[in-house]
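Report on the following structure.
The values are calculated or read from the model by the stated rules, or taken from the named source; none is laboratory data. Everything numeric here is computed off the predicted structure, so don't read it as measured data. Neighbour counts run over all protein chains shown; Cβ positions are idealised from the backbone, glycine included. Protein only, heavy atoms only, side chains kept; ligands, DNA and RNA dropped before computing areas. Shrake-Rupley method; radii C 1.70, N 1.55, O 1.52, S 1.80 Å.
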Amino acid sequence: MERLVVLVLVVAAVCVLALAYRRRTRNDVADTGHDLPPVPAPLVDGSAPTWVIFTTPLCASCGSVEAELREAFPAHRVVKVDATEQPDLAATYRVRRAPTVVLASRDGEVRERLVGPEAVRAHLAAATC
Amino acid sequence: MESQGPKPIDPRGPRFNQAVLSLGLLIGFALDLRWIAPVFAVVLLLGAAFGPRYGPFLRIYAVMIRPRLGPPAELEDPRPPRFAAAVGVVFLVAATVAFVFGAATLGWVLSLVVAALAGLAAVTGICVGCEVYLLVARRTGVRMVA
C-alpha cells in the first residue's frame, strides 16, 4: 500500500510539472512580443529589418533556421545572439527556448516574435503564400 | 553547430528511451524488482558510452518506431542527452550498491529520482541532465557554436 502511495505521488508530481511546463510553453509560443522594447544597436543598424535569432550552444536547429531566414528574406539582416552569453538581453525578450526569433524593423521596433523552428517555418510558409 | 560537433539526432529517440526507463523503474518499484536498477544502468551505459546505436531501446526506436513516423520537427545535439544518461547511470549504480548492502529505501529513492526525471523529460522534453551538461561545458570551455 505504501508503495502504491509513493508511486502515485511520483506520477502525480511528474504530471503536475509536465502540465505546468506545457502551459508555459503554450503561453510562450502565443507571445507575439508586440509589447517588447525596441531591439538595440548594434543588433539593429537602421539599414534593413533585422531577424534576431536567440540561440544556445546546443541548439541543433538554429543553423537551419538562420539559413531559411536568409534565403527567404535576402534583403533583411540576420543576426545571432547566444542567449547563454547574453542572459540579460535574452530575458528582456523573454527567451526561454532556442531558437527564439525576433523580427525588428529598421528602427528596432519588434514586429514579430517566433518561438521554435516550427513557428519560424509556419511564418515563412504564410509569408510565401 | 552546423559545422562543429556530432551529427544532430532525432530527439524522439532519447525521449522514447526515457519513457521506457521511467516506466520500467516505476514498475520495478511497484513490484520490488531490485534487479531493475542494474539492468537499466547497463542499458543507459551502453547508449551513453558507445552511442545511440548501442543503446537497446534507442536501437528499437531507430529500427522499429522511427520508420513509421514523419521527420522530427527539430533535431538536437546528442551530447546533452548522453550526459543525462550518464548521470542516470551513476544514480542507478548507486541504487544497485544500496540494494546490495541492504539499503533498499535509499536504493529506491535513487531509482525513483531517475524515474521521475526521465518521465519528465519523456513527456515535456525538459532534460535536467542536459542543463547540467551545458553548465559544465561552459565552465570547462567546451566549444560549441550554434
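For B:I126 and A:A41, FRET efficiency with R0 = 25 Å and r from the beta-carbon atoms, rounded to 0.05? The partial results should precede the final answer.
Details: r = 35 Å, r/R0 = 1.40.
Working from the Cβ atoms, E equals 0.10.
If ligands, DNA and RNA are left out, what is the accessible area of B:E74 with a 1.4 Å probe, given in Å² to the nearest 10?
Per-residue accessible area (B:E74): approximately 50 Å².
Using a 7 Å offset from the Cα along the Cα-to-Cβ direction at both B:L33 and A:A72, what is the distance between the two label points in nm, to one decimal?
4.7
Can you tell me how much longer the chain between A:E2 and A:E85 gets when fully stretched, taken as 0.36 nm per residue apart minus their C-alpha distance, in nm with one decimal?
The A:E2-A:E85 span can extend by a further 25.2 nm.
Cα-based Rg (one decimal) and Dmax (whole number) for region A:40-129, in Å?
Spelled out, the Cα radius of gyration and Dmax of region A:40-129 are 12.1, 36 Å.
Please report the spacing between the Cα centers of region A:7-76 and region B:1-69 in Å, no decimals.
Cα centres, region A:7-76 to region B:1-69: 28 Å.
Provide the buried accessible surface between chains B and A in square angstrom, both chains summed, 1.4 Å probe, rounded to the nearest 100.
2200
Expressed in nm to one decimal, what extension gain is obtained for the pair A:V11 and A:R24 from 0.36 nm per residue of sequence separation less their Cα-Cα distance?
2.7 nm
Rounding to the nearest 20 debye, state how big the charge dipole of the protein assembly as shown is about its Cα centre with +1 on each Lys and Arg Cβ and -1 on each Asp and Glu Cβ.
With only Lys, Arg, Asp and Glu charged at Cβ, the dipole is about 680 debye.
Name the residues of region B:27-69 whose amide N is less than 18 Å from a point 7 angstrom out from the Cα of B:L106 along the C-beta direction?
Those under the cut-off are B:34-35, B:37-38.
What value, in deg cm²/dmol to 500, does the helix sum -39500 (n - 2.57) over DSSP H runs of n ≥ 4 give at 222 nm once divided by the residues of chain A?
Working: 4 runs with 58 residues, N = 129.
When only DSSP H runs of four or more count, the value is -14500 deg cm²/dmol.
Please report the projected area of the protein assembly as shown's Cα convex hull averaged over all directions, in nm².
16.5
Could you tell me which of A:S61, A:G116, A:F73 has its Cα farthest along the dipole of region A:56-129 towards the positive end, charges placed at Cβ (Lys, Arg +1; Asp, Glu -1), taken about the Cα centre?
A:G116
Among A:A30, A:A67, A:A20, which one shows the highest mean-square fluctuation when chain A is modelled as a Gaussian network with alpha-carbon springs under 10 Å?
Of A:A30, A:A67, A:A20, the Gaussian network model singles out A:A20 as fluctuating most.
Could you check how much of the accessible area of the protein assembly as shown is carbon and sulfur, as a whole percent, using a 1.4 Å probe? Please list the in-between numbers first.
Numbers: 9380 of 14380 Å².
Of the solvent-accessible surface of the protein assembly as shown, carbon and sulfur hold 65 percent.
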